[in-house]
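Before any comments, here is the structure.
Just so it is clear, none of the values below were taken in a lab; they were calculated from the coordinates. What you are looking at is a predicted structure, and each value in this text was computed from that prediction instead of being measured.
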Amino acid sequence: MTLLPEPVWPVVVLAVIVFGDGLLTFRPPRAIAACLDGVGFPREWWWVLAVVKFLAAAGLVTGIWIPGLGAAAAAGLVVYFLCAAAAHLRARYVGRDFWLNCLGMLVVCIAVLVFCFL
C-alpha cells in the first residue's frame, strides 16, 4: 500500500469527473433528477451530494501531495457509491441509471483505489 498515488493521472481524472458530477447536482439534467427522485432522495438534500462530491474531488487532488488523503478520498467515494447502489436496490430503481452511472462509477472508484494506492 502506498499513501501517495502512483500513478497520479487516474486520481486527477477521477477528481475532474467527481467535480463535474458535483456541478451537475446544482441544476441536474432530467436523467440525474429522475434518478435521485427514483431512489427517493429528498430534493431539499440534493445540495449535500454536491458538497460531498466537491470535498472528495478536493481530497483526491490534495492527496497527491498529502500522504493518505487521496486514498481516504478514494475509499470515501467507494463507500458513497456503495450507499448509492444500496439506495437503488432498496427502491428497486435498477434501470440504465443504476447499471451505467451508479455501478459504473463504483467500478471506476474501486479501480482508482486499487490501481493507484494498493
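At a glance:
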| read-out | value |
| --- | --- |
| Long-range amide H partners of G68 with built H, under 5 Å | L4 |
| Between 0 and 90°, nearest 10: helix 103-117 axis offset from the chain longest Cα axis | 10 degrees |
| Calculated Rg and Dmax of the range 8-117 using C-alpha coordinates, Å | 13.7, 41 |
